[in-house]
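The values are calculated or read from the model by the stated rules, or taken from the named source; none is laboratory data. Bear in mind the structure is a predicted one, so any value in this text is a computation, not a measurement. Backbone-built Cβ (ideal geometry, glycine too); neighbour counts: all protein chains shown.
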Amino acid sequence: MVVERHAIDTRGAEDRLGCTECRCDLYNVTVDEYGRPLKEGYTGGLYCCYDQTQCRVRQGFQGVHRRLYLRYTVKWVDWDDSAVIPVRIYIFDVTDSGKRSTNPFKSDANLGCKVEYEVNSCHAPSTDNADCIDNKKTRLAIPHGGDIIYGVAHQHTGGIGSALYGRMAGNYVNRFQFMEKGRRQGTKKVIL
């Protein structure tokens with residue numbers, strides 16, 4: 001079992017939102033956690049707020065030392081082939097191009113999912129808010145048949161909405177209809 005956690009202390013921060021977005025200038029970082037220089041133009045993300053980095057705080061702020069703990073329970077059960085149904089897990093990412101590399105050791109910015117991506121700011125003031133929305137959309141085909149039993153959208157600070165739609169036998173349905181019993185079986189495609 002692997003547990004990945006990431007906690008960002010924003011107490012006394014000069015720019016709380018900038019800290020949660022891991023802006024490099026707020027963390028005074030020019031190299032990643034392995035000492036490699038950051039790519040030119042990289043302004044923020046996971047490469048800037050790794051373990052033991054701290055976001056810039058207001059002058060004179062003295063935060064008390066604080067420890068965080070993670071508590072979890074692991075329950076072991078006897079394996080019973082008749083009671084346990086294996087599942088396939090698919091992660092739908094709006095940045096997914098749907099293309100896959102044939103060489104697992106080659107990095108290509110146009111392939112697969114991106115852990116992070118840049119949202120460009122608006123260049124000119126506008127009275128129409130629709131001009132300043134970064135809209136992402138992708139279509140993915142699930143390669144195997146079966147039931148979709150759970151789907152969830154995830155967004156960060158500044159996100160204004162997300163939706164998950166599916167197509168079964170040519171009809172678009174929302175995520176709640178995916179869980180109805182007795183529906184027609186067919187090709188399932190997910191759009192996020």
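The rows are residues; the columns are (1) more than 20 Å from E116 (Cα to Cα); (2) free of Cβ contacts under 8 Å to residues at least 24 places away in the same chain.
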{"residue": "E4", "(1), (2)": "no, yes"}
{"residue": "A13", "(1), (2)": "yes, no"}
{"residue": "E21", "(1), (2)": "no, no"}
{"residue": "V29", "(1), (2)": "no, no"}
{"residue": "Y34", "(1), (2)": "no, yes"}
{"residue": "D51", "(1), (2)": "no, yes"}
{"residue": "Q59", "(1), (2)": "yes, yes"}
{"residue": "K75", "(1), (2)": "yes, yes"}
{"residue": "D80", "(1), (2)": "yes, yes"}
Could you count how many residues in region 41-65 are in a loop (DSSP other than H, G, I, E, B), under 27 Å from the mean Cα position of the chain (by Cα) and at negative phi? 12
Provide a single number: the residues in region 51-67 that are at pLDDT below 90 and surrounded by 11 or more Cβ atoms within 10 Å (Cβ to Cβ). 1
Within region 20-54, the residues that are of a type in the set (F, W, Y) and in contact with a strand residue (DSSP E or B) (Cβ under 7 Å, 6 or more places away or on another chain) are none
Taking region 1-40 as the search range and keeping residues that are exposed (fewer than 11 other Cβ atoms within 10 Å of the Cβ) and among the acidic types (D, E), which one is farthest from the chain's Cα centre (by Cα)? E40
